[in-house]
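The values are calculated or read from the model by the stated rules, or taken from the named source; none is laboratory data. What you see is a predicted model, and the numbers here were worked out from it, not measured in a lab. Here the Cβ positions follow ideal geometry from the backbone for every residue, glycine too, while neighbour counts run over all protein chains shown. We work out accessible area using only protein heavy atoms, side chains counted, and drop any ligands, DNA or RNA first. Shrake-Rupley method; radii C 1.70, N 1.55, O 1.52, S 1.80 Å.
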Amino acid sequence: MSTTIRNIAIIAHVDHGKTTLVDAMLKQAGTYRANEAITERVMDSNELERERGITILAKNTAVYYHDSKINIVDTPGHADFGGEVERALKMVDGVVLLVDASEGPLPQTRYVLNKALEAKLTPILVINKIDRPDARPQEVLNEVYDLFIDLDAGEDQLDFPVVYTNGKLGTATMDLKVPGVDLQPLFETIVSTIPAATGDAEGALQILVTNLDYSDYLGRLAIARVFSGTLNFGQEVAISKRDGSLQKAKITKLFSFSGLKRTDIEKTEIGDIVAVAGVEGITIGETITNLENPAPLPLIVIDEPTIAMQ
Ligand code: GDP
C-alpha cells in the first residue's frame, strides 16, 4: 500500500468551529475515496447531529485525501488537563490552528499553541467563519502572527500557510478574493505542509501509547502511534511498563481509524495511529515493543495534576 499518513491535531477555542469543520472534512473526504461516505451521511435529525458532534470531538478521526490518510487527533482546548495536551501532541507532526475570523485568537488556544510550537510541530492557520458579517480576517491574521512572535515561534513556524474557511458550507480558499468551492485547498495544504509520518517499518517495534479507550467486547484499548516496526494481529509483544518492568502480552485485536470508526487491520502501517486490544493494564506513556531485544521509547512525562486525578 502506498498510502502516506499525516497526523494532525486541531487547536481551537470552543465555538470557533472545530466540530463543524471536521464534519465537513469527513463528508467531503468520502468524495475522494469510494465506500467511505455512505454510512457517514445517514444522520440528519438534530439529535443525531448532536451525537455526531460529541463523537467527533471525543474520538480520533481519519479522513482520506487521494493517496493520503489524515489522522485527526483530538486535543483538549485548554490547560485544565495537565499532560493531556502534551500526550495528544506526541501523536502528531503538525497542528491546524483554527481561529474565528471575527473573534480572533483567544486565551484558550494560547496554551496549546505554545506547547505545539515548543514541540516543533508544523502549524497551519485556518481562519474560519469568513462569512460572518463582522469577519475581519486580515486583522485576525495579524493578531495570530503577533501571537506566534510572542510565543517565540521558530522561523519556519512563522512561515505558516493560511487557509480561509466557511466550515458551515464546507469551503476553503487561500485568497479571500476567490471564493472557495470545497475544502480541497485545506486538504492540499495539510498534505503539502505537514510532514508525512515516517519511521522504519522493519525496525524494532516501538508503539507509544498516548491514550486509552474502552470497548464492551474487548476491554481496554490502547490508542497508540507506530513510531517504528510493524505490529501484527496475534503477535506476542512486551509492554515496557511505567515502573521499568516488562510485561508479556498477546495482541487480540488491532484497529486503525477510518472516518469516525475503528476498522480491523491485520498489521500496522508505519506512522499510523492505531487501537490495540489484548493488553491488560496497559497505560498511557508505555511502549509496546519486541519480546526479544525490547526497545522502549522514553516515558511521556505527565504533569502532577493528572496523576492526582487518576
Ligand atoms: P466547536 O466548539 O469549535 O466544535 O464549534 P462548532 O463546530 O460546534 O461551531 C460553533 C458554532 O459556529 C455553531 O453554531 C456552528 O454552526 C457555527 N459555525 C461553524 N463554522 C462556521 C462558519 O464557517 N461560519 C459561520 N457563520 N458559523 C459557523
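Across L98, L141, the residue with the most accessible area heads the list, and the full order at a 1.4 Å probe is L141, L98. Surface listing: T171, T252 arranged by accessible area from highest to lowest gives T252, T171, probe 1.4 Å. Around S256, with a cut-off of 12 angstrom between Cβ atoms, what is the net charge of the other residues, counting Lys and Arg +1 and Asp and Glu -1? Residues close to S256 contribute a combined charge of +2. Modelled spin-label separation between T3 and V181, with each label point placed 7 Å from Cα along the Cα-to-Cβ direction: 2.8 nm. Over the stretch 179-310, what is the relative contact order in whole percent, taking alpha-carbon pairs under 8 Å and six or more residues apart? Averaging sequence separation for qualifying contacts and normalising by length gives 28 percent for the stretch 179-310. In terms of accessible area, using a 1.4 Å probe and ignoring ligands and nucleic acids, H13, H66 rank largest first as H66, H13. Just to confirm, what accessible area per residue do you get for the stretch 153-310 at 1.4 Å probe, in whole Å²? Here the residues of the stretch 153-310 average 49 Å² of exposed surface. Between A295 and K250, the distance separating the two model label sites (each 7 Å from Cα on the Cα→Cβ line) works out to 2.6 nm. If you take the Cα centroid of the stretch 86-117 and the Cα centroid of the stretch 163-203, the two points sit 16 Å apart. For the stretch 156-248, a simple Cβ point-charge model (Lys and Arg +1, Asp and Glu -1, everything else neutral) yields a dipole of about 340 debye relative to the Cα centre.
The modelled label-to-label distance for the pair D134/D15, using points 7 Å beyond Cα in the direction of Cβ, is 1.0 nm. Accessible surface of Y64, taken over heavy atoms with a 1.4 Å probe and every protein chain present, rounds to 30 Å².
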